[in-house]
Every structure is written in C-alpha cells, then in structure tokens.
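Notes to accompany the following structure.
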Amino acid sequence: MRYEEMTIEGRNAVLEAFRSGKTIDKLYVLKGCQDGPVNTILREARKQDTIVSFVAKERLDQMSETGKHQGVIASAAAYAYAEVEDILKIAEEKEEAPFLILLDNIEDPHNLGAIIRTANLAGAHGVIIPKRRAVGLTATVARASAGALNYTPVAKVTNLGATIDELKKRGLWFVCADMDGTTMYDLDLKGPIGLVIGSEGEGVSHLVREKCDLIASVPMKGDIDSLNASVAAGVLAYEIVRQRYR
C-alpha cells in the first residue's frame, strides 16, 4: 500500500485545505507575516486548533517542494483521525473490556507506526496521541504500521492528562511504563486498561505519570538501561494480553 505525504503549499491551496475539512497537523507561517490572506488562514487554523509555527524564510524554503510557498506551508495528515468515543465503541461492539494505548512524547514516526502495528496485533482497540510534542499520522507512520493504520483507530487529543481523567470516569485505569516501576509480572493488568508509553529520552511526563494508577517496569538483564519505545510498548501490551487470556 502506498501513502502520499501531504504537504500543501501556497496561500490559496492551504486555505482551501482548511475550508474543505482536511485534517492539518501543523501550519508553518513566515515569521512576521500578517497580511490579510495569512490572517484568514490563521483564523481557520485556530478554528481547528491546529498547531502553528512561525518560522524563518530559510526554513520554509528548505521545506518547500515547489518553491512557491508564499510564506505558508501546511502539513496534512495522511490518514484520518478517530475520536476517543469511536475507540470505546469498538470495544463495546466486541463485548471486550477497553484496551487503549496512550503515547506521550513520541516524536519518531517509525516508533509510532510500529506501536500502531503492535496495538493491532495485541488486540488493543485504539491508540491515543497528543496534539503537541508528538508526531502525527504522516505517510512514514502509515508505512511503518505495515497496514495496521487501516484497522486500528488513532485519536488525537489536546490534553492527554484530561483525557485520562475522562476515561477514568468511564471505568478505565492506567498503567505507565517506567524503569523505576514495579516489575510487570507482579501487577494485575486485567480489566479495562490504558497503557501509557513515553519516549526513550524523556519517558512519560510528570503530569501524565501522576495520573496513572500503576507504574510498570520491564525486567532487563543487559548492560543498557532502556528499551526502544515501540519495543517497550510491545512487551507490556503482550503482558496485558497474557493476563487477559490466562
């Protein structure tokens, strides 16, 4: 399956993309440019809560494929996002306890794609990512998922902590991965659960970690002290699978 990277350049093209309802992950605008057409685009971006970065002309020139960006480049999602409610509905239709994977600070598209692939194979009902400090559903992510993106919904939320609070009201509880946590084999990981994974460098942010009910670590016997984020997600996801089916 071939996925096209969606980069939209030029004022008219970007404005039309917003008005047609296309999902724009990020908008890059020439720093200091605030004429009428650009302000119109910025208003549309605010309506969609799109992340806007004001950058130097050199950055836009580097990003541009046409050389005709007119001070505006949009990065559109290669795949549509789901709503959190859609993910919960899938679990309900399958008559299964919800199993969600939430990602904090994952900025590597290959990691995100690999985690979506693992989520599908482990029977997770969906993946949740934050809008900021995270990679979106780019073509690279879609390719790395090896087709799993066609079957596993991904929701994008403004605030991961607030989403966890809302899901707790729906009966879910949360476990996050951290090398200082309790060994995963000593934890009860059954029931409606959200697995929270952070990046290798920063891990799960302090605010999100505080909202988790349990902290799980993966036993390691080697000479280095951390796993790749997608590998950690896979190991913990399959411990959840093991406990669900034993």
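The values are calculated or read from the model by the stated rules, or taken from the named source; none is laboratory data. Model, not experiment: these values are computed from the prediction. Reconstructed Cβ throughout: ideal geometry from the backbone, glycine too, with neighbour counts over all protein chains shown. Ligands, DNA and RNA are excluded from the accessible area calculation, which covers all protein heavy atoms including side chains. Shrake-Rupley method; radii C 1.70, N 1.55, O 1.52, S 1.80 Å.
For the pair residue 244 and residue 81, what calculated FRET efficiency results from E = 1/(1 + (r/R0)^6), where r is the Cβ-Cβ distance and R0 = 25 Å, to the nearest 0.05?
So, using R0 = 25 Å, E works out to roughly 0.40.
Report, by chain and number, residues whose modeled amide H sits under 5 Å from the one on residue 138, excluding near sequence neighbours (fewer than 5 apart, same chain).
Result for residue 138 returns 78.
Using a Förster distance of 22 angstrom, determine the FRET efficiency expected from the C-beta separation of residue 92 and residue 168, and round it to 0.05.
0.80
For a quick check of your reading of the filter: which chymotrypsin sites (Phe, Trp or Tyr not before Pro) in segment 112-207 sit in a DSSP loop and have no more than 16 other Cβ atoms within 10 Å?
151
Find the centroid of the Cα atoms in segment 149-215 and in segment 81-114, then give the distance between the two in whole Å.
Distance between centres, Cα-based: 11 Å.
Where in segment 173-245 are there trypsin sites (Lys or Arg not before Pro) that are in a DSSP coil and have at most 16 other Cβ atoms within 10 angstrom of their Cβ?
Taking segment 173-245 and a limit of 16 other Cβ atoms within 10 Å, the loop trypsin sites (Lys or Arg not before Pro) found are 190, 221.
Sequence gap of 8 or more, or different chains, plus Cα separation below 23 Å: how many lysine pairs satisfy both in segment 1-82?
9
Please work out the Cα convex hull volume for segment 107-246 and give it in Å³ per residue.
It is 112 Å³ per residue.
In the chain, what cysteines have no partner Cβ closer than 4.7 Å?
Within the chain, the cysteines lacking a partner Cβ under 4.7 Å are 33.
Ignoring ligands, DNA and RNA, what accessible area per residue does segment 98-246 give at 1.4 Å, in Å²?
Per-residue accessible area for segment 98-246 comes out at 45 Å².
Could you compute the FRET efficiency for residue 61 and residue 132, with r as their C-beta to C-beta distance and R0 at 35 Å, rounded to 0.05?
Using R0 = 35 Å, I get an efficiency of 0.85.
Only sites in a loop by DSSP and with at most 15 other Cβ atoms within 10 Å count here; which GluC sites (Glu not before Pro) in segment 181-246 make the cut?
202
By DSSP, what percent of the beta bridges with both residues in the chain are antiparallel, rounded to the nearest 5?
25
Express the relative contact order of the chain as a whole percentage, based on alpha carbon pairs under 8 Å and six or more residues apart in sequence.
19
Total Lys pairs in segment 154-222 closer than 21 Å by alpha-carbon, pairs eight or more apart in sequence or interchain only?
Taking the Cα cut-off of 21 Å, the pair count is 8.
Note down the magnitude of the dipole of the chain about its Cα centre, charges +1 on Lys and Arg C-beta and -1 on Asp and Glu C-beta and zero elsewhere, to the nearest 20 debye.
Value, rounded to 20: 580 debye.
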